[in-house]
Amino acid sequence: MNKKIGFIGCGKMASAIIKGILSSCCDNNYEIKGSEVNCEIAELAQERLGIPVLTDNRMLVMDSDVIFLAVKPNYVEQILEEIKDEITPEKLIVSIAAGVNTSKIEKIIGQARVIRVMPNTPALVLEGMSGICKGEFAKDEDAAFVMKLLSSIGKCIEVDEKQIDIVTAISGSGPAFFYKVIEDMARAGEKLGLDYEKSLLLATQTALGSAKMVFDRGSLTVQNLIDNVATKGGCTFVGISVMNEENSDKLFYDVIDETAKKAHELGK
């Protein structure tokens, strides 16, 4: 039997996941529906995604095996109160609401199987990075199922919930940090006399290629990759020396640390 997957909320992140599932080789195994309480938004989402989009969250839950909570964090409690009577032990709840702990969800809907997901925006180009964690009553096979789904939009890892704030800081917020690095490099090139768009292309493609080199490094460490480019006495070596003198490692530690602390605060 096909597994029925319902998305409460069809915004950008939900749309990315839906499109990823539909474009994967196993899309025939899933029947996907969405819900948006606003009729006009529901109609637009249906046209955009090519799936049925209801305007009744309870109806969606009743007709789904897996329910994605893809709404803003401040709406989660309201939605859960609305649908809790339709949630049975057979249904799996998957929350992508940032900062909402599984225990908060379980407190409202009882002993339900809950998986919490922290995706990121590169899912929109099928290069997402997601972290997931299980709630108290979720099973290993629940986590395996969600990881399989999310692998259609990029890569996925499982962590303990106490580590999910670190995931949020590195991959959830991380795209903005990498955009900042790319932009700073491009602007530096512009200040030195290179056309901005050319400088931006250089920085962007270099970031893309470097990331692929890390993925394909085999037995090499990231430090090995650095050393292979930064020949002692060469121009790259000078640039790396500047980064070391400016304590770039401390800068990025502070960035990740402060972001993770903020993510933890949101979950309280």
Quick one: residue 103 ticks every box in (1) crowded, with 19+ Cβ neighbours inside 10 Å; (2) within 19 Å of residue 75 (Cβ to Cβ) bar one, so which box is it? (1)
For residue 72, are the conditions met, namely being surrounded by fewer than 14 Cβ atoms within 10 Å (Cβ to Cβ) and of a type in the set (Lys, Arg)? yes
Sole miss for residue 187 among (1) surrounded by fewer than 12 Cβ atoms within 10 Å (Cβ to Cβ); (2) not assigned by TED's automatic domain parsing to the domain that holds residue 124 is condition (1)
Picking from 34, 20, 50, which residue would you name as being touching a Cys at 6+ places or on another chain (Cβ under 9 Å) and in contact (Cβ under 8 Å) with a residue 24 or more places away in the chain? 34
Can you tell me which residue among 208, 266, 225 is within 25 Å of the chain's Cα centre (by Cα) and either surrounded by 15 or more Cβ atoms within 10 Å (Cβ to Cβ) or in contact (Cβ under 8 Å) with a residue 12 or more places away in the chain (or both)? 266
Being of a type outside the set (D, E, K, R), modelled with pLDDT of 95 or more and farther than 15 Å from residue 5 by Cβ narrows it down to one residue among 80, 92; which is it? 80
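The values are calculated or read from the model by the stated rules, or taken from the named source; none is laboratory data. On a predicted model such as this, the values are computed, not experimentally measured, just so you know. Don't worry about glycine lacking a Cβ; one is built from the backbone with ideal geometry, like all the others, and counts go over all protein chains shown.
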